[in-house]
Amino acid sequence: MLQALAVDWSAFFADSAVQTALVIGVCAALINASLGVFTLLRGHAFAGHALGDISSAGGAASFLLGISALWGFLGMAWAAALAMAWLGLREARERDLATGIVLGAGLGLTALLLYLAMTTTSASGSTVTVLFGSLFALPPSLAPVVLLLTFGTLCVIVLGYRPLLLIAADADLARAQGIPVALLELVYLLLLGLAAAISAMTVGAILATALLLGPAGAALQLATRPVWAFLLAALLAVLAVVLGILLSWQSYYWFSGTSWPVSFFIVLLTLLEYLGAGLWTAFWGGSTWTTAAPPPSACAEDC
Amino acid sequence: MFANYMLPTWIAASFLALAAGAIGYFTVIRRSVFAAHALPLSAFPGGAAAVLTGIDPMIGLLGFAFLGVVFVQQSSRLGPKDLAIGLLLSSFLALGALLLSLTGAYAPAVYALLFGEVLGIPHRELLPTAAVSLLVLAVTVLSFRPLLLQSAAADLATICGINRAGMEWLFLGLLAIVTATALPVVGTLLVFTLLVAPAAAAQRLSAHPARAFLISIALAELLVWSAIALSYWSNWPLGFFVGTLGAVLFVVLRGGGLLPSPSGIRARLSRRETSWHHGAGPNSGTRPDG
């Protein structure tokens, strides 16, 4: 029993699959946590989830065409992001319905592409790989590209931090101040697509939502200032991913030779973080700024 | 196409579409699209558990769908409802992924559970499916007026003495039953299209509640029948046709689908859509200009 609990650290870090998984997983955690805070502040949880789901069609296409999974996921996520930007700009009140319809069409396409990949190629495990992730099977050559994309995303967020936050809080005010709202909306959606694509490779296309919403939701309950929310969300997301990888790696010894999927552990940890943050605020009080500043919708009701 | 082995599918799908069109109408009026997408996903581990333990899939699916309803209702106290729904669906899906990895299920089995299977309903499930569908239809018809009022104007319904929480449980419970029953045929990921697309198109065609309700059922039947026929001919997955035909239906019948629509119900809706604290719907917290 004790032997199963002892982690063989040198073997853990020497494993090249673990190294790649750690690098890409941490990148996915950083991007998703920071964009998750914006997503929740704007109430875009469904759109964020839909982007991840739809990107699975790209992942399926990459199996069919034999291209790298990253470009498949990313291409489809960006196509969906552009479609949503177009829909969102034209009729915002219908957005939930329109998101649902686009999501249905995207998942239908996934169904077809996965079916074709299953029947025409030898990649019979593509369904599980695309939808539930394959963090330990990613090629190490992907790590530099993902690192570069993450660095770019974080730079954009740091540079555009104030206008992006203002748009999330009150788009009308941002527009009145001369901030190019439409342009930044597009940037935000493209970054959200990137986050969805990278976390689709990490935890799987249909589980990507957990990494986007869980740590950010926990951080928004605890943090007392916006900056702390971002930092706390990033910390919690990295913690969930690293711990998830460790647990999945270690579970090989617990369950006599069958390791549990890494996606399961990461999602479970993000859920626990969210519920734990809820308990924490219930006992010790929490976030002052998200509760003090009324959400935009409440204002719309009063004004 | 109407060979003997296809008959259970045709019969079951026709009954399922009755229930799906009926509950879909309220789903669209309440704008509970995200919930309708999440509940089948929360039922998914039930299907996986059925593969693992060999119990009746229907029991597993229904059990986990109801667990999902309870989870949504309880955890929406913590924060915005869409956040709760998003976390619910990913954690239930992850549980299903774990169960499937434990069974070592074959890829086609996983695929069928996620994207549906034309022959997903065996003979012995036919009677329960028909009974459940008719039951859901009967309950929606019997509670049509209070449910509609609560869905379209929650505050007014509260004043009229309609129990808000009770109606929410009723709606989500019916939604859970329909999704769990339709899941083996249409698949976990695409059940919600069957609910949302016909109802959304129907709302555009008529603002009159009873008429829109009937059109929604008719369109759901049309969608299911044509998807089964196309799937039979092309041998392509049923889910592909349900998803894409649903989108086509929505776009065609709504005249582009994106123009503002001056319907009476929607005008009343605009007020209740804007509440974030009250957790009115999955879209709560979004803003008109977003």
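Just so it is clear, none of the values below were taken in a lab; they were calculated from the coordinates. Treat the numbers as computed from the prediction; the structure is a model and nothing was measured. Methodologically, a virtual Cβ is constructed for each residue, glycine included, from the backbone with ideal geometry; neighbour enumeration extends over all protein chains shown.
Observations on the structure shown:
- Selected from B:GLY116, B:GLY161, B:GLY68 as most flexible by GNM, with chain B as the system and alpha-carbon contacts under 10 Å: B:GLY161
- Overall, the anisotropy analysis places region A:102-232 in the prolate class: the square-rooted eigenvalues a ≥ b ≥ c of its C-alpha gyration tensor yield a/c not less than 1.5, with a/b exceeding b/c.
- A protection proxy built from the mean count of other Cβ atoms within 10 Å ranks the segments B:55-61, B:127-133, most packed first, as B:55-61, B:127-133.
- Average beta-carbon neighbours from other chains, 10 Å sphere, peptide B:33-39: 5
- Three-way shape call for chain A based on the alpha-carbon gyration tensor, with the a/c threshold at 1.5: oblate
- For region A:51-63, 3J(HN,Hα) per residue [Karplus equation, 6.51 cos²θ - 1.76 cosθ + 1.60, θ = phi - 60°, Hz, x = Gly/Pro]: 4, x, 4, 5, 4, 4, 4, x, x, 5, 5, 5, 5
- Within 10 Å of each Cβ in A:130-139, the average number of Cβ atoms from other chains: 2
- Compactness index (Cα Rg / 2.2 N^0.38 Å), region A:40-169: 1.18
- Within chain B, helix-based [θ] at 222 nm, where runs of 4 or more DSSP H residues each add -39,500 (n - 2.57), nearest 500: -25000 deg cm²/dmol
- Each label was represented as a point 7 Å from its Cα along the Cα-to-Cβ direction; for B:ILE55 and A:VAL7 these points are 3.5 nm apart.
- In this structure, the amide hydrogen of B:THR188, modeled 1.01 Å from its nitrogen in the peptide plane, lies closer than 5 angstrom to those of B:LEU114, B:PHE115, B:GLY116, counting only residues at least 5 positions away or on a different chain.
- Per-residue packing, averaged as other Cβ atoms within 10 Å, sorts the ranges A:46-54, B:79-87 into the order A:46-54, B:79-87, beginning with the highest.
- At an R0 of 41 angstrom, the distance between the Cβ atoms of B:SER226 and A:ALA137 translates into a FRET efficiency of 0.60.
- Cα shape, region B:71-157, gyration tensor, a/c 1.5 rule: oblate
- Where only DSSP H runs of four or more residues are counted, chain A gives -27000 deg cm²/dmol as its mean residue ellipticity at 222 nm, each run worth -39500 (n - 2.57).
- Segment B:ASN163-B:TRP233, extension gain: residue separation times 0.36 nm, minus the distance between their alpha carbons: 20.4 nm
- Listed residues A:PHE151, A:LEU194, B:LEU245: farthest to the positive end of the dipole of the protein assembly as shown (Cβ charges): B:LEU245
- Point-charge dipole on Cβ atoms (K/R +1, D/E -1) for chain A, about Cα centre, debye to 20: 240
- Fewest-first ranking of A:TRP249, A:TRP280, using other Cβ atoms within 10 Å as the exposure measure: A:TRP280, A:TRP249
- Counting Cβ atoms of other protein chains within 10 Å of each Cβ in A:262-271 and taking the mean gives 4.
- Karplus-derived 3J(HN,Hα) values for region B:86-98, using 6.51 cos²θ - 1.76 cosθ + 1.60 with θ = phi - 60°, are x, 6, 4, 5, 6, 6, 5, 4, 5, 4, x, 4, 4 Hz; glycine and proline are entered as x.
- Computing Rg and the Kirkwood Rh from the Cα coordinates of the protein assembly as shown gives a ratio, Rg/Rh, of 0.95.
- Ordering of B:199-207, A:207-215, A:139-147, A:21-29 by packing [mean C-beta count within 10 Å, highest first]: A:207-215, A:21-29, B:199-207, A:139-147
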